[in-house]
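Engineer: Take this structure first; my questions come after.
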Amino acid sequence: MNVAPAVQLSSGSIAFLARHGHAAPRLTAFASDASPRRYYRLEGQDALLMEDPTDPVGFAAYVRLSTHLNDLGLSAPRVLATDAPKGLALIEDFGDATYTNCLAKGHDEAALYELAVDALLHLHNDPARGQIDQPRYDLARILDELDIFAEWFVPAIAPDHNAAEFASEWRAAWNGALAPVGARFDTLVMRDFHVDNLMFLEERSGVARCGLLDFQDGVLGPCEYDLMSLLQDARRDLSPGLEPALLARYLAGAPDHLGSAQDIRHRYYLLAAQRHARILGVFVRLCQRDNKPRYLQWLPRVLRQFETALSDAGLTDIQRLLDTCLPNWQDEAAALPTRLIA
């Protein structure tokens with residue numbers, strides 16, 4: 001989280017804090033540009049105030065999933081008090097040691113990532129991993145997420161192409177390819193399992209040292225999704241050789257119900273291709289609709305990841321569709337950051 005300069009609480013938040021013994025706390029605000037959710041640190045109290053007044057479903061999911069993850073022996077911020085109608089909660093403060101901050105300070109990259117992989121293995125080997133009331137990450141939802149590529153990315157690189165026609169062919173091509181993942185509801189998937197949302201809790205032991213943030217959008221889906229989200233991060237490159245080493249670490253401890261190593265790898269690369277395609281569309285939308293061009297700095301990395309994942313997953317039909325309908329699409333995509341910001 002980034003510190004914001006000013007603290008202006010609503011009267012409801014002030015009253016909520018007072019009811020729970022914090023009548024005049026010293027507060028530090030954290031800036032967030034991804035959602036209307038806001039966080040404030042109660043200095044010296046090991047607690048944060050979370051304000052989430054516009055998303056009652058997400059708020060309820062946060063409370064529910066925090067309990068679930070902690071019950072499984074993992075570390076999510078514990079919910080200390082709530083006022084659900086107002087979207088207010090007091091939650092455990094994990095401090096400032098995000099993976100991102102730790103890496104910037106020179107912490108051992110491999111050790112941090114190994115801990116995160118081990119936390120996923122702990123979750124995926126627990127019989128209660130999916131025993132939680134969350135939406136299913138089914139085929140229809142996975143396909144819906146791919147629409148953003150056709151709606152935003154394609155018009156940006158090929159404005160004269162028939163976007164509606166491409167969208168139909170694009171969805172049809174993915175419909176068959178996604179069969180291996182479209183009906184797997186093996187585990188809770190946290191969706192944004194990457195260095196910005198992971199904490200290093202040095203004082204804890206085992207997998208509990210890996211603190212988990214931003215899980216309220218969790219779904220029931222394939223185990224490989226969070227692993228892929230961690231190892232193919234849109235915002236940072238892993239050191240050479242680290243991704244295959246960590247993938248091998250996961251395979252060595254993967255639960256039997258996931259099938260062979262080949263099966264796991266195929267789902268991993270298939271989900272990677274889907275996610276990278278979606279993110280390419282998201283970055284363009286953030287720039288053009290939301291006036292947030294800074295996300296385009298990561299577009300070249302995601303483009304490389306997308307091309308590699310298409311090959312690794314054997315998605316030749318989708319590659320052929322792109323090459324046929326959008327000639328020189330890679331070159332046009334590579335030029336997007338400069339062209340859209342100019």
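Engineer: For the range 106-112, in order, what is each residue's ³J(HN,Hα) by Karplus, 6.51 cos²θ - 1.76 cosθ + 1.60 with θ = phi - 60°, in whole Hz (x at glycine and Pro)?
Structural biologist: Each residue's phi maps through the Karplus curve to give x, 4, 4, 4, 4, 5, 5 Hz.
Engineer: Output wanted: per-residue J couplings in Hz (rounded whole) for the range 134-150, from phi through Karplus 6.51 cos²θ - 1.76 cosθ + 1.60, θ = phi - 60°, x for Gly and Pro.
Structural biologist: 9, x, 8, 8, 8, 4, 4, 5, 4, 5, 4, 5, 6, 4, 5, 4, 5
Engineer: Using the Cα centre of the range 157-261 as origin and beta-carbon charges of +1 (Lys, Arg) and -1 (Asp, Glu), tell me which of Gly206, Ser229, Leu258 is placed farthest towards the positive end of the dipole.
Structural biologist: Gly206
Engineer: Follow-up. If you average the sequence gap of Cα pairs under 8 Å that are 6 or more apart and divide by the length of the chain, what percent do you get for the contact order? Present the calculation step by step, with values, prior to reporting the outcome.
Structural biologist: Numbers: 504 pairs, mean separation 54.6, N = 342.
So the answer I get is 16 percent.
Engineer: Name the residues whose placed amide hydrogens come within less than 5 Å of the amide hydrogen of Val189, ignoring near sequence neighbours (fewer than 5 apart) on the same chain.
Structural biologist: Amide H neighbours of Val189: Val219, Leu220, Gly221.
Engineer: Label-point separation (nm) for Asp317 and Ala334, each offset 7 Å from Cα along Cα-to-Cβ?
Structural biologist: Result: 2.9 nm between the two label points.
Engineer: Using only the Cα atoms of the range 195-260, build the gyration tensor, take square roots of its eigenvalues as a ≥ b ≥ c, and label the shape rounded, prolate or oblate: rounded if a/c is under 1.5, else prolate if a/b is larger than b/c, else oblate. All intermediate terms of the calculation are to be shown ahead of the outcome.
Structural biologist: Working: a/c = 1.30, a/b = 1.17, b/c = 1.11.
It comes out rounded by the Cα gyration axes.
Engineer: Relative to the present Cα-Cα distance, how much length would full extension add between Arg26 and Ala81 at 0.36 nm per residue of separation? Show your work: numbers first, answer last.
Structural biologist: Working: separation 55, 0.36 × 55 = 19.80 nm, distance 1.84 nm.
In short, 18.0 nm is gained.
Taken together, the values in this text are just the output of simple stated rules run on the coordinates, not laboratory data. Predicted, not measured: the structure shown is a model, and the values here were computed from it. Backbone-built Cβ (ideal geometry, glycine too); neighbour counts: all protein chains shown.
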